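These notes are about the structure you will find just below.
The values are calculated or read from the model by the stated rules, or taken from the named source; none is laboratory data. Not measured: the values here are computed from a predicted model. Please note: Cβ atoms are built from the backbone with ideal geometry, for glycine as well, and neighbour counts cover all protein chains shown.
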Amino acid sequence: AAATWVQVGYWKNSRALYERALAVDAHNYLAHNNLGNLYYKDGNLEAAKRHYEAAVRVRPTYADANYNLGNVVLRQGDPLTARALFERALASQPDHAMANLNIGVIHAGSRDYERARVHFERAALADPGNPEPLHNLGVIHGILKQPQKARSYLERALRIDPGHERARQELQRLMREPD
C-alpha cells in the first residue's frame, strides 16, 4: 500500500507521469514524445524540440515524433527541414493524414500545386472527417482554374464543418466568378 501511495505522487499530472517514466527509462520514446506535446501546447518550442529529437533518436521510424518535430521546425521557419521530417513520418506511416496535409501546405506555399494536390488528396483519404484537406483541395483547384472541382471540395468541407469560415469565403468567391 505504501508503494502504491508513492506511485500516486508521480501520477499527479501528465507532465509528472512522463518525467517519472523518463527517470525510470531515459529511452522511453513515447514519454519523450508525449512530454514534447505538453511543452508544444505550452508554447515552449525548444523544450518540445528536445523531447521530440530524443524520441526520434531512440526510435527513428516513430512517425508521430518525426511529424511533431517537423511542426516545431516549421514554426521556427524552416520549411525544408520540416518537409524532410514529414516525409520521414510518411516513410513509416504513409497514411499519416497530418504529415500529408503539412507537406501539401509546404508545396502549395512554393507554388508546386500538383504535388500539393497529391498530398491533400492523401490526407483527405486518411482522415475523411477532417475538412482541412478538402478546403485546401478547393483552393488548389481554384488556383488551377478548375472551378467545378474547387466548389465540390469546398462544399464537402462545409458538409463536414458548416462553420469552416475560410471554406465558406472561398466558395462565395468562386460563386461570384464566371466558369
> Within the range 56-89, restricting attention to residues that are outside any helix (DSSP H, G or I) and among the polar types (S, T, N, Q), which residue is nearest to HIS32 (Cα to Cα)?
Replying inline: THR61
>> Against the definition (of a type in the set (Phe, Trp, Tyr), part of a helix (DSSP H, G or I), touching a residue at least 12 places away in the same chain (Cβ under 8 Å) and more than 30 Å from ALA150 (Cβ to Cβ)), how does TYR18 come out, yes or no?
In response: yes
>> For ILE103, only one of the following conditions fails: (1) of a type in the set (A, V, I, L, M); (2) in contact (Cβ under 8 Å) with a residue 24 or more places away in the chain; (3) in the same structural domain as ARG117 (by TED's automatic domain parsing). What is its number?
In response: (2)
> Can you name every residue in the range 106-123 that is in contact (Cβ under 8 Å) with a residue 24 or more places away in the chain, touching a Pro at 6+ places or on another chain (Cβ under 9 Å) and surrounded by 19 or more Cβ atoms within 10 Å (Cβ to Cβ)?
Replying inline: ILE106, ARG122, ALA123
> Which ranges mark the helices (runs of 4 or more DSSP H) fully within the range 92-179 that have 1 or more residues being modelled with pLDDT of 95 or more, among the basic types (Lys, Arg) and within 27 Å of ASN68 (Cα to Cα)?
Replying inline: 113-126, 165-176
>> Quick check on the range 21-53: of everything there that is in a helix (DSSP H, G or I) and over 18 Å from ASN66 (Cα atoms), which residue is modelled with the highest pLDDT?
In response: ASP42
> Can you pull out the residues in the range 79-103 that are among the β-branched types (Val, Ile, Thr) and buried (at least 18 other Cβ atoms within 10 Å of the Cβ)?
Replying inline: ILE103
>> Taking the criterion of being within 24 Å of ASP25 (Cα to Cα) and of a type in the set (Phe, Trp, Tyr), would at least one residue in the range 86-96 satisfy it?
In response: no
>> Being within 15 Å of the chain's Cα centre (by Cα), at pLDDT 95 or above and of a type in the set (Gly, Ala, Ser) is the requirement here; does ALA63 meet it?
In response: yes
